[in-house]
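K.L.:
Dropping the structure in here first, questions after.
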Amino acid sequence: MMLRPAVAPDVAAIAALHVASWQAAYRGIYSDHFLDQEAPAERLAYWTGVLASDRFRIALVAEDQGAIIGICLALKDEEHGFDALIDTLHVAPDRRGARLGAVLLGAVVAELIAADCQSMFLWVFENNHPARRFYQRLGAEVQDAGTFEVYGSVVHDMKCVWRDLPALVAACRGHGMSLPLSG
């Protein structure tokens with residue numbers, strides 16, 4: 001198993017992983033119709049755009065025997081008062097609980113630090129209790145963000161904030177395993 005930068009030929013595999021993760025974690029948050037019928041095309045278009053964009057991004061995949069089993073994407077986002085946004089952190093449903101999320105997040109945050117980022121945030125659904133617990137174990141300050149309509153569903157988001165990125169990397173290493181980064 002290894003980590004490497006996401007590249008354009010990965011688009012279909014990343015989109016499929018993203019949808020599978022949403023289907024496992026977001027039932028009851030997003031509509032079944034969206035998850036099963038619309039999300040595959042929507043995520044394929046999203047990832048095609050992300051990987052073709054010139055916008056600053058750090059996108060790493062975890063790969064095992066040629067299969068993508070995890071993805072983490074960070075974007076610059078100073079608009080919200082932070083240096084970066086973790087836009088995506090998803091692990092294949094059958095790999096959850098193996099600490100792969102912490103490994104991916106730690107590797108991306110280490111690259112954010114190298115890019116002079118000092119703070120970051122991400123959004124998590126209030127009803128996604130496993131993810132909220134995961135982020136809190138990694139030192140997130142969780143803030144109420146509000147209720148929004150997304151993909152035809154009304155959701156309540158929480159904002160997870162980190163202002164000490166080296167401490168987050170250390171926490172990720174303490175909760176994760178070590179994987180080589182290639183590329």
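Results for (1) in contact with a Gly (Cβ under 7 Å, 6 or more places away or on another chain); (2) within 23 Å of A170 (Cα to Cα); (3) assigned to a loop (DSSP other than H, G, I, E, B), shown as yes or no for each residue.
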site	(1), (2), (3)
A20	no, no, no
A24	no, no, no
R55	no, no, yes
L73	no, yes, no
D87	no, yes, no
G97	no, yes, yes
A102	yes, yes, no
L105	no, yes, no
E111	no, yes, no
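K.L.:
Have a look at L138, L165, L122 and point out the one that is at pLDDT 90 or above and in contact with a Ser or Thr (Cβ under 8 Å, 6 or more places away or on another chain). First the steps, then the outcome.
P.N.:
Values: L138 fails: in contact with a Ser or Thr (Cβ under 8 Å, 6 or more places away or on another chain); L122 fails: in contact with a Ser or Thr (Cβ under 8 Å, 6 or more places away or on another chain).
Just a single option satisfies the conditions, and that option is L165.
K.L.:
Residues D116, D83, D87: which one is touching a Lys or Arg at 6+ places or on another chain (Cβ under 8 Å), of a type outside the set (A, V, I, L, M, F, W, C) and more than 17 Å from Q23 (Cα to Cα)? Please lay out each step first, then the result.
P.N.:
On the way: D116 fails: touching a Lys or Arg at 6+ places or on another chain (Cβ under 8 Å); D87 fails: touching a Lys or Arg at 6+ places or on another chain (Cβ under 8 Å).
Residue meeting the stated conditions: D83.
K.L.:
Is there a residue being within 23 Å of A16 (Cα to Cα), touching a residue at least 24 places away in the same chain (Cβ under 8 Å) and surrounded by 15 or more Cβ atoms within 10 Å (Cβ to Cβ) anywhere in region 158-177? Steps first, answer last, please.
P.N.:
First, pick out the residues of region 158-177 that are within 23 Å of A16 (Cα to Cα): none.
No.
The values are calculated or read from the model by the stated rules, or taken from the named source; none is laboratory data. Remember, predicted model here, so these are calculated numbers, not experimental data. Here the Cβ is made from the backbone with ideal geometry for all residues, glycine too, and neighbour counts use every protein chain on show.
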